1. Of the residues 48, 53, only one is among the polar types (S, T, N, Q) and in contact with a Gly (Cβ under 7 Å, 6 or more places away or on another chain); which?
2. Specify which of the listed residues (28, 100, 19) is touching an Asp or Glu at 6+ places or on another chain (Cβ under 6 Å) and not hydroxyl-bearing (Ser, Thr, Tyr).
3. Considering only segment 49-101, state which residues are polar (S, T, N, Q) and either more than 29 Å from residue 19 (Cβ to Cβ) or touching a Leu at 6+ places or on another chain (Cβ under 8 Å) (or both).
4. Do you know which residues across segment 39-69 are touching a strand residue (DSSP E or B) at 6+ places or on another chain (Cβ under 9 Å) and surrounded by fewer than 17 Cβ atoms within 10 Å (Cβ to Cβ)?
5. Can you tell me which of 85, 67, 47 is under 21 Å from residue 99 (Cα atoms) and not basic (Lys, Arg)?
6. Scan segment 16-38 and tell me whether some residue there is surrounded by fewer than 12 Cβ atoms within 10 Å (Cβ to Cβ), small (Gly, Ala, Ser) and modelled with pLDDT of 90 or more.
7. For residue 90, state whether it is small (Gly, Ala, Ser), out of contact with any Phe, Trp or Tyr (no Cβ under 8 Å at 6 or more places or on another chain) and surrounded by 14 or more Cβ atoms within 10 Å (Cβ to Cβ).
8. Quickly run through segment 74-87 and pick out the residues that are of a type in the set (A, V, I, L, M), out of contact with any Pro (no Cβ under 8 Å at 6 or more places or on another chain) and touching a residue at least 40 places away in the same chain (Cβ under 8 Å).
Amino acid sequence: MPDPNPKRPADRCDDGAGRLRPVIDRNRCEAKSDCVEVCPYDVFEIGTIDAATRSSLTWVGWLKALGHRGRQAFAVRAEQCHACGLCVEACPEKAIKLARA
């Protein structure tokens with residue numbers, strides 16, 4: 001049975017921004033935008049990986065990047081992260097983790 005009083009995102013969040021930051025596993029991300037849509041602090045954007053990043057990918061990561069035209073999620077405003085964890089839960093590839101800044 002669902003929780004009758006689900007917590008709002010702000011109730012889950014750290015008081016101070018930037019203590020934890022999202023780290024995106026480039027070999028897993030498929031740019032599905034779930035993190036962009038769920039983040040209440042506008043931390044993420046979808047962009048294109050550069051050549052240096054592309055060359056550092058594993059074979060599987062390279063194929064995924066190729067299949068998604070090199071597009072992936074980026075934590076462009078990571079310093080605004082309040083560690084609510086919604087992005088971690090929403091990512092279908094499990095490509096996001098929160099780490100100490």
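1. Testing whether each residue is among the polar types (S, T, N, Q) and in contact with a Gly (Cβ under 7 Å, 6 or more places away or on another chain) leaves just 48.
2. Answer to the selection: 28.
3. Result: 55, 58.
4. 45, 46, 47, 48, 53, 69, listed by residue number.
5. Exactly one of 85, 67, 47 is under 21 Å from residue 99 (Cα atoms) and not basic (Lys, Arg), namely 85.
6. no
7. Answer is yes for this residue.
8. The one that is of a type in the set (A, V, I, L, M), out of contact with any Pro (no Cβ under 8 Å at 6 or more places or on another chain) and touching a residue at least 40 places away in the same chain (Cβ under 8 Å): 83.
The values are calculated or read from the model by the stated rules, or taken from the named source; none is laboratory data. All figures in this text were calculated on a predicted structure; none of them were measured in a lab. Because the Cβ atoms are built from the backbone with ideal geometry, glycine has one as well, and the counts that use them run over all protein chains shown.
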